[in-house]
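Q: The structure is given below, and queries will be raised subsequently.
The values are calculated or read from the model by the stated rules, or taken from the named source; none is laboratory data. Small disclaimer: the values here were computed from a predicted structure and weren't measured. Because the Cβ atoms are built from the backbone with ideal geometry, glycine has one as well, and the counts that use them run over all protein chains shown.
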Amino acid sequence: MTTPRPRHIAHLHLHGLPDDDRYADVLDLLGGITPHVQAFPPDAVQLDLTSALRYFDRDPHDLVEMAKLRLMGLYGIESSAGLAGNRMLAAMAAAVSQPGHTTRIPHDQAATDAWLRPRPVTALPGVGRATATALGTYGLHTIGHVADLPAATLQRLLGAGPARLLAERARGRDPRPVTPQAPAARMTADLVLDRDCLDPAHHHRAVLGLAEELGRRLRTEAQVASRLMLTLRYADQSATTRTRALPEPTAHSPLLAVTALGILASLGLQRARVRGYALTADRLRPAADATHQLSLDPADTRARTVEAAADRARHRFGPDVVHPATLAPDLTGTRRRGR
C-alpha cells in the first residue's frame, strides 16, 4: 500500500487590504501558483502547494516566499504566513507570524508536538473563554495538557462531541482539504413598508424579522456570514447604512439578531420616518469551513437544537409554519426575497 503524499498548506494573512477589488486581485495572483486556493475574506487566504512543488521545482517555503514577494511587488501588500501539513496548523502558525515573516511547522509528529503543546489552549480554534475557564479549573491550561488527558475524562468535562473535536485538534490533526471557491458573496433580505413607520418598537421587530429570515436562508444553503450590513430608507428618500462584523462566522439566528439590533440601536433613530429596511449578510463562506466556538452553555445548545427542529418543520410545511412569538405580523409592507 502506498503512503499518501504529505500535504503542504500555506495560510497567508494580508496586511492593509481595504477593499474587495484588491482581494480579488490577490486570489487571481495566487491562482497562478496553485489552483487550490481558498478565500477567507477579508484578509486571509489558504493555499495547498502540494501539486505546485514539482511544477516550480521549489520547496514549500520558497513557494510561500515567492507568493509574498509577488504580492508586495505587484500590489504593495505585505503579508505574514504559516506553513504546515494541514489547514489548522497553518492558520495557527500564521497567527503568530510578524508581518513579512513565515512560521513553518515541520511535518513529523515530534516537531508538531514540540511546537503545539506549550501553547495556551485558547490558541486552538473553537476554544473560547468559557471552555478555557472550564478546562483551567482542572489545571488544563496548555494544549499539551489537553492532549494528555484521557478521552473519557475530557468527555465528562465537555461532552462527547466537543471533547472528540478538541482532542483531535490538540494533537494537531485536521483532515479538511483546501477547497477552491468563488470570492464571498452577499445575501440580502428587505422589507418595504406601505406607509412611514415612526415607532421604535416596530423598527426593532422589523430588523429582528429580517435577521430570522437571513438565518433560515443561510442554513438552507449551508453558508455562514462574517458581517452584517443594515440599511434604513426614509420617507424623504435618503438612506443610512451601517456595517458590523459578527463575533464569529455564523448562520445562527440569535447571533445575527443581536448584531443587527446592535446596529439599529447605534443609529439613534428616535422618531425617524422609516419606509424600508434591508439587512445584508456579507463575506459568506461554506458552513463546513467555519469554526464554531465550543460552548459549555446548555441554553446555547438548546437554542441550536430548537432552531434545527424549526428548520425541519419549515422545510416540510412551509416557511411561515414556525416563527418567534415576537414576530406575529402587524407591520403592513412588502417583504422581498433578498439577493
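Q: So if I check each of 130, 134, 84, which one is in the same structural domain as residue 6 (by TED's automatic domain parsing) and hydrophobic (A, V, I, L, M, F, W, C)?
A: 84
Q: Could you count how many residues in segment 91-101 are over 17 Å from residue 123 (Cα atoms) and buried (at least 23 other Cβ atoms within 10 Å of the Cβ)?
A: The qualifying residues number 0.
Q: When you go through (1) surrounded by fewer than 20 Cβ atoms within 10 Å (Cβ to Cβ); (2) within 24 Å of residue 261 (Cα to Cα) one by one for residue 160, which number turns out not to apply?
A: Unmet condition: (2).
Q: Show me the helices (runs of 4 or more DSSP H) found entirely inside segment 17-90 where at least 1 residues are surrounded by 17 or more Cβ atoms within 10 Å (Cβ to Cβ) and under 20 Å from the mean Cα position of the chain (by Cα).
A: 20-31
Q: Now for a separate question. Hey, can you tell me all the residues within segment 236-261 that are surrounded by 15 or more Cβ atoms within 10 Å (Cβ to Cβ), among the small types (Gly, Ala, Ser) and assigned to a loop (DSSP other than H, G, I, E, B)?
A: 251
Q: Any residue in segment 189-201 that is assigned to a helix (DSSP H, G or I), touching a Leu at 6+ places or on another chain (Cβ under 8 Å) and surrounded by fewer than 21 Cβ atoms within 10 Å (Cβ to Cβ)?
A: yes
Q: Give the number of residues within segment 82-114 that are hydrophobic (A, V, I, L, M, F, W, C) and more than 19 Å from residue 39 (Cα to Cα).
A: 5
Q: Regarding segment 262-284, can at least one residue be identified that is at positive phi, in a loop (DSSP other than H, G, I, E, B) and surrounded by 15 or more Cβ atoms within 10 Å (Cβ to Cβ)?
A: Taking every residue of segment 262-284 in turn, at least one turns out to be at positive phi, in a loop (DSSP other than H, G, I, E, B) and surrounded by 15 or more Cβ atoms within 10 Å (Cβ to Cβ).
Q: Looking at segment 109-142 only, could you name the residues that are under 24 Å from the mean Cα position of the chain (by Cα), among the polar types (S, T, N, Q) and surrounded by 19 or more Cβ atoms within 10 Å (Cβ to Cβ)?
A: The answer is 131, and nothing else.
Q: Within segment 212-223, is there a residue that is in the same structural domain as residue 273 (by TED's automatic domain parsing), in a strand (DSSP E or B) and closer than 30 Å to residue 132 by Cβ?
A: Yes: segment 212-223 contains one or more residues that are in the same structural domain as residue 273 (by TED's automatic domain parsing), in a strand (DSSP E or B) and closer than 30 Å to residue 132 by Cβ.
Q: Right, something else. Would you call residue 89 within 25 Å of residue 248 (Cβ to Cβ), touching an Asp or Glu at 6+ places or on another chain (Cβ under 8 Å) and not assigned by TED's automatic domain parsing to the domain that holds residue 286?
A: Yes, satisfied.
Q: Here's a follow-up. Those residues that are part of a helix (DSSP H, G or I), within 22 Å of residue 115 (Cα to Cα) and not charged (D, E, K, R), I need them from segment 155-176; list them, please.
A: 163, 165, 166, 167, 170 - these are the residues of segment 155-176 that are part of a helix (DSSP H, G or I), within 22 Å of residue 115 (Cα to Cα) and not charged (D, E, K, R).
Q: Would you check if residue 207 is surrounded by fewer than 19 Cβ atoms within 10 Å (Cβ to Cβ), more than 19 Å from residue 284 (Cβ to Cβ) and of a type in the set (A, V, I, L, M)?
A: Answer is no for this residue.
Q: With respect to the numbered conditions (1) at pLDDT 90 or above; (2) of a type outside the set (S, T, N, Q); (3) more than 24 Å from residue 170 (Cα to Cα), which one is the sole condition not fulfilled by residue 18?
A: It is condition (1) that residue 18 fails.
Q: Without any contact (Cβ under 8 Å) to a residue 60 or more places away in the chain and more than 30 Å from residue 107 (Cβ to Cβ): does that describe residue 236?
A: Criteria met by residue 236.
Q: In segment 129-158, which residues are under 21 Å from residue 93 (Cβ atoms), touching a residue at least 24 places away in the same chain (Cβ under 8 Å) and out of contact with any Lys or Arg (no Cβ under 6 Å at 6 or more places or on another chain)?
A: If the condition is that a residue be under 21 Å from residue 93 (Cβ atoms), touching a residue at least 24 places away in the same chain (Cβ under 8 Å) and out of contact with any Lys or Arg (no Cβ under 6 Å at 6 or more places or on another chain), then 142, 145, 146 are the ones that fit.
Q: If I ask for residues that are closer than 30 Å to residue 272 by Cβ and basic (Lys, Arg), which ones from segment 147-205 would you list?
A: Within segment 147-205, 186, 195, 205 qualify.
Q: May I ask you to say which residue of 128, 100 is touching a strand residue (DSSP E or B) at 6+ places or on another chain (Cβ under 8 Å) and more than 30 Å from residue 146 (Cα to Cα)?
A: 100
Q: Counting only residues that are without any contact (Cβ under 8 Å) to a residue 40 or more places away in the chain and charged (D, E, K, R), how many does segment 103-128 have?
A: Qualifying residue count for the region: 3.
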